[in-house]
Every structure is written in structure tokens, then in C-alpha cells.
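Enquirer: This is the structure I want to talk about, given as C-alpha cells.
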Amino acid sequence: MRKFMPGLRKAAPQLVSLGVILFFNWLAFPGFFDLRIQDGRLFGSLIDVLNRGAPVAILAIGMTAVIASKGVDLSVGAVMAMAGAVAATMTVAGHPPPIVLLSALAVGVACGLLNGLLVAVLELQPIVATLILMVAGRGIAQLITEGVIVTFNDPGLIFVGTGAFLDLPMPVVLAAALALLAVLVVRRTALGMLIESIGVNRSASTYAGINSRLLIIIVYAFSGFCAALAGIIAAADIRGADANNAGLWLELDAILAVVIGGTSLLGGRFSILMSVLGAIIIQAMNTGILISGFPPEYNLVVKACVIILILLAQSASLGGVAWLPRRIPAAKSKEA
Amino acid sequence: MINVLKSIVLGSTIAAALAGSVSAASLTVGFSQIGSESGWRAAETSVTKQQAEKRGVDLKFADAQQKQENQIKAIRGFIAQGVDAILVAPVVATGWEAVLQEAKDADIPVMLLDRGIDGSPDLYMTMVASDQVLEGKVAGEWLVKEAAGKECNVVELQGTTGSSPAINRKKGFEEAIAGTPTVKIIRSQTGDFTRAKGKEVMEGFLKAENGGKNICALYAHNDDMAVGAIQAIKEAGLKPGTDIKVVSIDAVPDIFKAMADGEANATVELTPNMAGPAFDALEKFKADGTLPPKQIITESKLYTQADDPMKVYEEKKGLGY
């Protein structure tokens, strides 16, 4: 247990932020923490936060790896739309769910491979390389759906979005499983350290014998995979692929989740679990705004203010004077 | 096939003969469409083509792919071809003076479909559009009648904050329920006109209102949000259409399917047939020079479960929504 204490302490600003947001949600709506079983799954606002936050959390898992390698993936929202479109049109065409799911995930991985090739081999700036697919991807999704919302009724595919496992909604289960798996892979092997090393200094890492080209392609492919999974969930949730709106602007939410989680946009040290926590913080705020009863004109202003406060609470220069419990001084001096 | 063609030709000849001295079959009309931004747009395009075919109008269609410069180019092309009239669904409100003046100088009447422009009304003959305030009003009046004097708490899913349909449809609904204190809006949030947000916001409403037991009806500014919200209501263990009444606007095919299943109660049509009234006005103008009013308002028709929703669904499905 003692081993986890420094991790908890490091996560203090985020956990405090989440606690404060949940407290305000509870003030706005006293039944916020009520849970009950409804049709074989847990039902309540807290579950909504996790369920609605799952797609962004999944995006953030992939985005963390990309950002740690000093890149960024702007195409995840468009890849979501493409994967959803592929899943919906194939289902309507009568293909069985396993083939549909594999194909949609394969589309995501292919998009990620394309991004990875542009960044690692052609050495394009990540922001530009992924911007290409961000713009084109949504167009391709619209081509696949022919501009309409393709609806489906296949129970297998719908289960991914609205089913339940151990009383928990499927999206939450998938996000949690993916997060654990990703953490195990990057922390129980050297992979995480290699990605961090590329993020800090790619040429030094290459000279040290790391195959940076391959690793960068892998992280983008992983991000594409995550985006496709999120896209399938989003489509299954509304039983239809909405190419115009699925995943729209979610790339920004995913980047924000990573930043709130404390991973530097300049690459290097990262934490997947903290990014997931970031996604939950964002969604806790969104759900709170929805049930607060504020007029919708205030939504974005409230959101912006809360995020500024969260980021200020984490800022190192404010840390010394702030009322928040900050990292222990010893750890701080070691980092510096 | 030939028989069908023959009957179409025959039909339109008879229709033209009945319509007046001038034969509509001689008309050539250019149509500059915005592009395919939504299902409704696609339906508008196919209905316009159907209307033209029915009347024997030679329709020249140009898709602007959401760009004003393409629309201006298309209009210049129509002027050069010497068409009898030009239909435009303007992508933006500003910047039309020069090209519409050219059309005016060439004596070609211009008719705006669905959207207006900033600028002198002299530049166009008429504008065919729906009355968004009326759409909200029709929805509200239906609910007031349906509630029949009983207490009814309404939750509202607004369109994209600040967009004109969101503002006007809210206004119309509020006007309709203003005289009935028993019907009141208890929660109102934006669902951005999308299914996903409609579902998410409805989930929030249901939790915040005692698991949905305080909610008597949902009013959504478009059908897509209503379709999303219906799923949220079902997942909360309530019956949409019975426990919570659902009324929305647009009349897209999927809401008719929900109405046929008893999960939605009413929708107000935003008709994709903007070209029909425009062709009517044009034929009248060509026949005896009658100028149409500057603004032609299309009908905001109410559909309920009593209107054979499955039949309407089949009719609408093929329009490209």
C-alpha cells in the first residue's frame, strides 16, 4: 500500500478537483449519489458520469501515448465517425457482429497507421499530419453513410453501447479494461519508458538503439484503435451512425483530459490512469451543468471557468502558495 | 416504362392545360442548392426534382457544396443560359447584391428557398420559407390540448444555442403554453440538434426529476434529439409516449417509426417541399404577371399517431433524409 502513496499524493490536485465538482453536483441535485438497479444495470447520475465519460476516457488513453511521444492526434473524432459509419453500414448490410466489430476496429488501426507513417517516416509535424485525417475522415464517414444517419437494430452491436456487465454499463467496462491493459503493457514492460524517452529526445533515443520510427507508428495505431472503439460505442449508444456529429470536437476533450491528468504536451512522462481521471473530471462537470438547471447559454462559460480553476490548482508556481496539498517538497526538488 | 412516361407526359400536359393559358412544360428553371449538409437538405433536393418532373419543368440543378462562390458561379451560369427563373437556397445571408442584380438586369426572377438574405427585397421575387415560431406554437398547442387541463411538467431539449430555429421554436412553444398555467417548462437545456446529446441531456433530466416521475412531456426542437431522448427514457424504465409524452419538430422518417411503435406522440413538419409553392408562384407570374407576396410561408403540419405513421415513414424514407 505504501508504494501507492506517492502516486496518490501526486494525484491530489485532480482528486480534490473531482471531489469539489462532485460536491457542487450534489448541492445542485441532492440525489446525485443515488444508485439503483434498473433493467439489470446500475442506474444513477454517478453511473451517467462514468458511462458518458467512457468514450473520451478511451480516446484519452490513446492520446496519452501519442502525446507522451511528443505528438498529438487530432484525427480521433473523425476516426470515431468513420468507425461508427463502417459498423452501422456493415450491420445494415447483414454482416454478423464479430466481423463488424473487427472491421470497424481495423479501420481505426489503419487510420492510425497512416498518421504514424506521416509522422514517423515522412516526418510531418504531428499536428499537421493528423489534421489531414481530421478533415478528410469526417468527409469519408459522410461518404460511407451517404449523408444520412444509418440506424440499426442488431442486438449484438447495440450491446456494446448500452449493455451491461456485472451491473456496469458496457462502455465503462470497456474503458476500464482498456485502461488496465494499457497500464500493464506500458508499465510492466519497458514500452512506457521507451515512449517517454522518444518524447523527451527522439534523436538521442534513436542513437541509443530505440526503434523510434516503429514505436511512433505503434502509438498512433493504438490511438486509432482507441478512437475506433470509442466510435463503435458512440454509434451503438444511439443505435445509429451520425457522420456529421459523432465525435465532433472530442479530440479537444481528449487532449484536455490528458492535460488535466498532468501529462506534458511537450512529451515525456505520462500517466494513463491520470488521463482517465481527467476524462471523468470533464464529464462530472458536463453532467453537473446539465442537471444544474442553468440556462444553456452559460454552459461554455461555466466549463471554461472550471477548467481554468482546475489547471491553476495544478500549476507548479501556484503550488507553493495555494491551499491545496501539493507534492511533497522532496519530490519537487528531485524533479527540478 | 414507356407507358409510365406517357402517362406522366399526358398528366403534366393536362395539368398545364388546367393551370392556365401558358404551358409549364416550356419553363426552364435553375436551382442552386447549398449542398448536402443534412438529411432534410437531401430530401428538399429530391422533392424539388420530383416537383419539377411533375410539372414538366426543365430543372437545371447545381450543388454548391456549401460554398457561396459556387452558388454565385451557378447563378451566373443560369443567367448565361437564359433560364426562366432561378431558385436559390442561399448558404449565407450576405454578399448576394451583385449577382442578384445581374439576374434582375437580365429579367430573370429569383426565388429564395428556406433561407433569407440580407439586402434589398427588390433583388428577389419571393422567399419560400417555414415559420419557425409557428412550428413551436403548433407543438405547444398540441400539448396544451393533450394535457386537457391537467398538471403537465415539460422538459425542453433546445437546438444549438443561439441558432435561429432554437430561438424561434422556443419562442413559439412558450407563446402557445403561456395561457395555460398547468403546463410549464421545468427544465430546458441544449441538445445541439443531435441524437447523442439529446440522449445524454435527457438522462440528466430524468435523474434530476425523480427518475422521470415529475416529467409529463418532452418537447424537442428537432426529431433527432427526440429519438435520442426516447432511448434514454426507455433505459430509465419508463414508457416513452405513455409515461412521458414526446413532441418534436421536423418530421424526419425515424420519428414516424417511433410514432408507429407508440414511443413518440407528435411531430410538426418542416416541409422539404419549398419548391412546390415557388413553382406555383412562378406559373402564376408567367400566366398573368401576378407578383407573389415577398414571403410565402409553408404549412407547419402536425402529425400524430392517428395519421398512419408507418405509411408516412414509407413515403418519406425514399427522399434521402
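Enquirer: Please go through (1) surrounded by fewer than 24 Cβ atoms within 10 Å (Cβ to Cβ); (2) more than 14 Å from every other protein chain (Cβ to nearest Cβ) for A:TRP249 and return the number of the only condition it doesn't satisfy.
Expert: Every listed condition holds for A:TRP249 apart from (2).
Enquirer: Considering the stretch A:94-120 alone, what residues qualify as being open to solvent by 50 Å² or more (accessible area, probe 1.4 Å) and closer than 21 Å to A:ILE132 by Cβ?
Expert: Answer for the stretch A:94-120, where residues must be open to solvent by 50 Å² or more (accessible area, probe 1.4 Å) and closer than 21 Å to A:ILE132 by Cβ: A:ALA106, A:ALA110, A:LEU113, A:LEU114, A:LEU117.
Enquirer: Another question, if that's okay. Restricting to the stretch B:94-129, name every residue that is part of a strand (DSSP E or B) and among the hydrophobic types (A, V, I, L, M, F, W, C). Walk me through how you get there before you give the answer.
Expert: Within the stretch B:94-129, the first condition is being part of a strand (DSSP E or B), and the residues that meet it are B:110-113, B:126-129.
Listed by number, the residues that qualify are B:VAL110, B:MET111, B:LEU112, B:LEU113, B:MET127, B:VAL128, B:ALA129.
Enquirer: Shifting gears a bit: Taking the stated definitions as given, is B:ALA275 in contact with a helix residue (DSSP H, G or I) (Cβ under 6 Å, 6 or more places away or on another chain), surrounded by 24 or more Cβ atoms within 10 Å (Cβ to Cβ), away from chain A (no Cβ under 14 Å) and farther than 30 Å from A:PHE43 by Cα? Reasoning before the result, please.
Expert: Numbers: in contact with a helix residue (DSSP H, G or I) (Cβ under 6 Å, 6 or more places away or on another chain): yes; surrounded by 24 or more Cβ atoms within 10 Å (Cβ to Cβ): yes; away from chain A (no Cβ under 14 Å): yes; farther than 30 Å from A:PHE43 by Cα: yes.
Spelling it out, B:ALA275 is indeed in contact with a helix residue (DSSP H, G or I) (Cβ under 6 Å, 6 or more places away or on another chain), surrounded by 24 or more Cβ atoms within 10 Å (Cβ to Cβ), away from chain A (no Cβ under 14 Å) and farther than 30 Å from A:PHE43 by Cα.
Enquirer: Here's something else I'd like to know. Evaluate the following for A:ASN51: is it in contact with a helix residue (DSSP H, G or I) (Cβ under 6 Å, 6 or more places away or on another chain), part of a helix (DSSP H, G or I), surrounded by fewer than 24 Cβ atoms within 10 Å (Cβ to Cβ) and within 11 Å of chain B (Cβ to nearest Cβ)?
Expert: In short, no.
Enquirer: Kindly indicate whether any position in the stretch A:281-288 is in contact (Cβ under 8 Å) with a residue 40 or more places away in the chain, more than 13 Å from chain B (Cβ to nearest Cβ) and not hydrophobic (A, V, I, L, M, F, W, C).
Expert: Checking the stretch A:281-288: not a single residue is in contact (Cβ under 8 Å) with a residue 40 or more places away in the chain, more than 13 Å from chain B (Cβ to nearest Cβ) and not hydrophobic (A, V, I, L, M, F, W, C).
Enquirer: Looking at the stretch B:156-203 only, could you name the residues that are buried (at least 18 other Cβ atoms within 10 Å of the Cβ), touching a Ser or Thr at 6+ places or on another chain (Cβ under 7 Å) and free of Cβ contacts under 8 Å to residues at least 60 places away in the same chain?
Expert: B:ALA166, B:THR190, B:ASP192, B:PHE193
Enquirer: Continuing with the same structure: Examine the stretch B:135-148 for a residue that is of a type in the set (A, V, I, L, M) and either under 30 Å from B:SER32 (Cα atoms) or not assigned by TED's automatic domain parsing to the domain that holds B:ASP224 (or both), and state whether such a residue exists.
Expert: Scanning the stretch B:135-148, I find no residue that is of a type in the set (A, V, I, L, M) and either under 30 Å from B:SER32 (Cα atoms) or not assigned by TED's automatic domain parsing to the domain that holds B:ASP224 (or both), so the answer is no.
Enquirer: Listed residues B:ALA220, B:ALA208; which is touching a helix residue (DSSP H, G or I) at 6+ places or on another chain (Cβ under 7 Å), at the interface with another protein chain (Cβ under 10 Å from one of its Cβ atoms) and under 20 Å from A:GLY293 (Cα atoms)?
Expert: B:ALA208
Enquirer: Moving on to the next point. Scan the stretch A:121-157 for residues that are among the aliphatic types (A, V, I, L, M), open to solvent by 50 Å² or more (accessible area, probe 1.4 Å) and within 14 Å of chain B (Cβ to nearest Cβ) and jot them down.
Expert: A:VAL135, A:LEU143, A:ILE144, listed by residue number.
Enquirer: While we're looking at this one, here's another question. Residues in the stretch B:93-102: is at least one more than 18 Å from B:LEU270 (Cα to Cα), buried (at least 23 other Cβ atoms within 10 Å of the Cβ), assigned by TED's automatic domain parsing to the domain that holds B:SER26 and hydrophobic (A, V, I, L, M, F, W, C)?
Expert: Looking through the stretch B:93-102, at least one residue is more than 18 Å from B:LEU270 (Cα to Cα), buried (at least 23 other Cβ atoms within 10 Å of the Cβ), assigned by TED's automatic domain parsing to the domain that holds B:SER26 and hydrophobic (A, V, I, L, M, F, W, C).
Enquirer: Give me the pairs: first residue in the stretch B:130-155 and part of a loop (DSSP other than H, G, I, E, B), second residue open to solvent by 50 Å² or more (accessible area, probe 1.4 Å) and of a type outside the set (Asp, Glu), beta-carbon distance under 8 Å, and six or more apart or on different chains, which are they?
Expert: Qualifying pairs under 8 Å: B:SER130/B:ILE297; B:ASP131/B:ILE297.
The values are calculated or read from the model by the stated rules, or taken from the named source; none is laboratory data. Computed from a prediction, not measured in an experiment: that's the story for all the values here. Note: ideal-geometry Cβ built from the backbone for every residue, glycine included; neighbour counts use all protein chains shown. In case anyone asks, the SASA skips ligands and DNA or RNA and just uses the protein heavy atoms, side chains included. Shrake-Rupley method; radii C 1.70, N 1.55, O 1.52, S 1.80 Å.
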